[in-house]
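A short write-up of the structure that comes next.
The values are calculated or read from the model by the stated rules, or taken from the named source; none is laboratory data. Predicted model only: the values in this text are computed from it and were never measured. Positions of Cβ are backbone-derived with ideal geometry, glycine not excepted, and every protein chain shown enters the neighbour counts. Calculation scope for accessible area: heavy atoms of the full protein, side chains included, ligands and nucleic acids excluded. Shrake-Rupley method; radii C 1.70, N 1.55, O 1.52, S 1.80 Å.
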Amino acid sequence: MKCPRVAAARCLASIAQEGSSLSRQLPLGEQDLDPAQRSLYRELCYGTLRYYWRLDAGLKPLFSKGLKPKDSDVKMLILIGAYQLFYTRIPPHAAINSAVEGCRSLGKKWASGMANAILRRCQREQETLFTNLKPAAEAAFPAWLYQAIEQAWPDKIAEIMAASNAHPPFCLRLNPRHQDRDAYLSRLAELDMAASACDFAPYGIRLEQACSVDKLPGFFEGHISVQDEAAQLCTELLDLKPGQRVLDACAAPGGKTGAILEAQAALSEVVALDIDEQRLQRISENLKRLELSASLVAADAADLDSWWDGRHFDRILLDAPCSAVGVIRRNPDIKLNRVVSDIAPLCRLQANLLNNLWHCLAPGGLFVYATCSLLPDENEAQISAFLSREASAELLPLDVAWGQDRGGCRQLFPQEQGHDGFFYALMRKKL
């Protein structure tokens, strides 16, 4: 039987070396693991990535000799052991022994002694190991990203760091076509599943404990979906009316497409557009479960000639590709994969999408721009630049109870027991 710690070490080494996605690595690493091992594997992957930069800085002096790139799996195995020592209730002897045995399972018996020595020093010196760390390392963030967030939000840096390192809450979106929220909350209470209404999303529900979807009453019948509260807010901004034609650009995996269709049953058409044909399959599967339908198109949203038929949309939602800084707690591999040089190309891509998709909007139509970023360059600065070059665009200041005002736009910050970090702007095309 495969060891979950060894599988996790290989997964994290691949992420560190190749920049691969944790979501793509998890199914590979989970092969041959039973449910208990799979749960441990996921905890080790997510937890070690979440605290990677703090662990790496604290343990660096303990590596008397550097490791070759081909041995990054050994380093990750040791960091996994340290994560268990400092952030879990796993007994220290079990954490240390599993790392030692893991080196042998990796076919690197020579590293067993090093793993044992480093982790035993961690156990002895845990009171002093992390003293005098730089603020970014103390916060378990890469230095460039910590500095960018601190510069943008100096009064909120501690709050953002704490929420970004916390386990994310498990949020649901109720399908209002089947029942109201209070009724579903009562149904959960009957099953001893503690839950409460979200603060801002009218159909949002927050569970106290995460669970597999097969435990959620009505999930396979389309009564409920898993979606963070912040992402649910888009339907309120779109102000959907019967007979409208709606574009969900960059739509995969389809959570917002489903929310749009649930919110207004009498739309004339919803087009779900995404550049990745394989990810469109996930939209198809989600809509089938919800018993809803949309026109699915695989194309580059900015290349209008490849997909647009010339018919205008009354509403457009652009959930733009971004740094995803606001959802790091759900995707901690971002801390290793994202680098400062990524931001400028992302900003250019966002501007290109705005410029081109605006042509598809009917006069008087509404355009919602959204990101899951906290960086102003991707958010209010992007919208300000677009408004300065597009005379037909009018910003509609958001008068809502959530987020912080950013020149008429709204920035949501990740909350430890609440929503993810998100940004919204609402624009109208002048008649």
**Asked** If you roll a 1.4 Å probe over the range 213-291 with all protein chains in place, what percent of the accessible area is carbon or sulfur?
**Response** 46
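Enter the accessible area per residue of the range 1-147 (Å², integer; probe 1.4 Å; all protein chains in place).
49
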**Asked** What is the dipole size for the range 177-287, taken about its Cα centre, with +1 at each Lys and Arg Cβ and -1 at each Asp and Glu Cβ, in debye to the nearest 20?
**Response** 180
**Long-range HN-HN contacts of residue 406 with modeled amide H, under 5 Å** = 411
**Item:** lysines whose Cα lies under 26 Å from that of residue 430, excluding same-chain neighbours fewer than 8 positions away
**Value:** 241, 256
**Fill in**
Over its alpha-carbon atoms, the range 334-395 yields an Rg and a Dmax in Å of 13.1, 43
**Share of carbon and sulfur in the accessible heavy-atom surface of the range 47-168 [1.4 Å probe, %]** = 52
**Message:** For the range 3-103, which trypsin sites (Lys or Arg not before Pro) pass both filters: DSSP loop (anything but H, G, I, E, B) and at most 14 other C-beta atoms within 10 Å?
**Reply:** 65, 89
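Rounded, prolate or oblate: which fits the range 1-154 when a ≥ b ≥ c are the square roots of the eigenvalues of the alpha-carbon gyration tensor, with rounded for a/c under 1.5 and prolate only if a/b beats b/c?
Working: a/c = 1.66, a/b = 1.24, b/c = 1.34.
It is oblate, given that a/c is not under 1.5 and a/b is not larger than b/c.
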**Complete:** Helix 112-124 sits off the longest principal axis of the Cα atoms of the chain, rounded to the nearest 10 on a 0 to 90 degree scale, by 80
**Prompt:** What percent do you get for the relative contact order of the chain when only Cα pairs under 8 Å and 6+ apart count?
**Reply:** 13
**Request:** Please determine, in degrees from 0 to 90 and to the nearest 10, the orientation of helix 143-152 with respect to the longest principal axis defined by the Cα atoms of the chain, where the helix direction is its Cα long axis.
**Result:** 40
**Complete:** For the range 332-431, the per residue accessible area (1.4 Å probe, Å²) is 38
**Request:** Apply the Karplus parameterisation 6.51 cos²θ - 1.76 cosθ + 1.60, with θ equal to phi minus 60°, to every residue of the range 310-321 and state each ³J(HN,Hα) to the nearest whole Hz, in sequence, with x for glycine and proline.
**Result:** x, 7, 7, 9, 7, 9, 10, 10, 10, 8, 6, x
**Request:** Among 327, 270, 400, determine the one that fluctuates most according to a GNM of the chain built with springs between C-alpha atoms less than 10 Å apart.
**Result:** 400
**Item:** Cα gyration tensor shape for the range 281-377, rounded if a/c is under 1.5, else prolate or oblate
**Value:** oblate
**Item:** Between 0 and 90°, nearest 10: helix 343-357 axis offset from the chain longest Cα axis
**Value:** 20
**Prompt:** Mean 1/r over all different Cα pairs, inverted: what Kirkwood radius does the range 130-196 give, in Å?
**Reply:** 15.3
**Message:** Loop only by DSSP, 13 or fewer other Cβ within 10 Å of the Cβ. Give me the trypsin sites (Lys or Arg not before Pro) in the range 295-390 that pass, ordered by residue number.
**Reply:** 311
**Fill in**
Output for the range 115-216: GluC sites (Glu not before Pro) sitting in coil per DSSP, at most 15 other Cβ within 10 Å, listed by number, reads 125, 127, 208
**Request:** Sort out for me the Cα centre separation of the range 112-137 from the range 340-365, rounded to whole Å.
**Result:** 45
**Complete:** If N is the residue count of the range 315-431, its Cα Rg over 2.2 N^0.38 Å rounds to 1.07
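Would you mind checking 288/335; 60/108; 60/335; 68/108; 60/134; 60/109 for any pair whose Cα atoms are more than 24 angstrom apart? Let's see the in-between values first.
Details: 288/335 34 Å; 60/108 20 Å; 60/335 18 Å; 68/108 13 Å; 60/134 13 Å; 60/109 21 Å.
Flagged as over cut-off: 288/335.
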**Asked** Using a simple charge model, +1 on the beta-carbon of Lys and Arg, -1 on the beta-carbon of Asp and Glu, nothing else, what dipole does the chain show about its Cα centre, in debye to the nearest 20?
**Response** 1680
